[in-house]
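Structure first, then comments.
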Amino acid sequence: MDLTYVFQTEHYAAFSPLIVLYFFLAGLSAGLFLLSSLSPVFGLKHFKPLAKPSCAMALATLIPGLLALIFDLGQPLRALTLFFRVNPHSVMSWGSFILLIYGIVCLIYAHFLWRENDKVKVWGKVGVIFAIALGLYTGFLLAVVPGRPLWNSALLPILFLTSGWVAALSLISLLQGFLPKALQLEDGNAKDALHGMKVWMVVLEILLIAFHFISVLTLNGAGRAVIMNLLSGTKAFSFVLVQVVLGMVLPLAIVLFSKGSARALGMSGLLSLIGVFALRYNFILGGEELPNTGTLLFRFEGSAWISVTVLLVLTVVLILIMPRLLGNLMKGKTTTQIGESF
């Protein structure tokens with residue numbers, strides 16, 4: 001007589017909510033740097049008022065993101081091992097140097113930007129390269145894992161880079177809507193261009209998700225299971241309602257039909273930021289929920305979400321004070337200081 005043995009294997013989630021926050025803030029920082037470079041690097045003069053505040057906010061969002069990554073390790077000093085135990089075959093090893101160089105380039109770029117030095121264009125170009133690399137890196141970190149169908153796709157890095165750009169545009173919309181003196185972006189053409197850019201980026205984001213889902217659905221049974229988990233399983237609420245409806249469709253409708261209302265566009269920006277965070281949450285944690293064997297038991301303590309909340313509050317505070325702080329450190333006058341709106 002044949003016997004079948006079933007072993008209940010416990011799988012622990014590799015990534016916690018702190019990693020979700022890190023991926024979100026890293027993508028947001030990369031998108032903000034790209035926004036900052038539009039005038040100094042690409043010569044789009046309409047966006048000059050965004051250069052300094054976007055650069056400051058890129059640094060402001062990078063700092064809590066790095067803290068989230070370090071806190072997740074449990075033993076923060078372990079992060080140093082990535083710099084002297086280099087593995088060229090490891091995406092995480094590459095990512096640690098991308099983060100380090102990106103942060104340094106951001107500071108150098110900010111120095112020349114506030115001093116209005118011609119070298120800002122050169123460092124801006126270097127920063128654009130590493131900002132794109134940072135936006136793509138978080139997606140690559142997941143895409144190279146063959147055992148997780150939701151992650152194992154070449155579209156994921158492009159999706160994460162695109163959603164980081166959407167998050168940056170959404171933060172600008174939020175500030176314009178609720179802190180009207182924050183950015184001093186008075187050029188109507190620039191505002192229209194930003195809103196138009198956001199519409200197309202959200203459309204691209206939706207298309208990338210759709211194509212990604214099609215590729216995963218046709219992969220195998222595990223691929224179909226993980227997609228159904230997002231559509232009608234444990235992640236249905238956070239994916240369908242929060243990410244898609246609240247975070248994508250509704251903001252898109254507001255931008256298209258708000259008739260230029262600043263408050264409506266600000267609300268659209270807030271909803272889009274929630275949607276981008278939900279995207280990271282659903283893809284990172286949702287991708288871990290269906291292991292090939294056994295049952296996955298999440299061991300996320302409440303302290304992880306408390307840490308996420310504290311770091312998000314820190315992010316908001318840094319976004320508000322960083323332009324003035326950088327202006328004082330660089331001994332230059334900022335043309336746009338978010339703190340002045342209070």
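The values are calculated or read from the model by the stated rules, or taken from the named source; none is laboratory data. Only a predicted model underlies this, so the values are computations on that prediction, with no experimental measurement involved. Please note: Cβ atoms are built from the backbone with ideal geometry, for glycine as well, and neighbour counts cover all protein chains shown. Ligands, DNA and RNA are excluded from the accessible area calculation, which covers all protein heavy atoms including side chains. Shrake-Rupley method; radii C 1.70, N 1.55, O 1.52, S 1.80 Å.
What does the charge add up to near residue 230, with Lys and Arg as +1, Asp and Glu as -1, over the other residues with Cβ less than 15 Å from its Cβ?
So the surrounding residues net to +2.
Quick check on my link table: of 121/191; 119/181; 125/181; 45/181; 119/198, which ones sit more than 25 Å apart, alpha carbon to alpha carbon?
Pairs exceeding 25 Å: 119/181; 125/181; 119/198.
Send over a whole-number figure in Å² for the accessible area per residue of segment 41-153, probe 1.4 Å.
The answer is 50 Å² per residue.
Tell me, what % of the accessible area of the chain is carbon and sulfur with a 1.4 angstrom probe?
Of the solvent-accessible surface of the chain, carbon and sulfur hold 69 percent.
Any chance you could run the full-extension gain for residue 100 through residue 178? It's 0.36 nm times the residue separation minus the Cα-Cα distance, nm to one decimal.
24.8 nm
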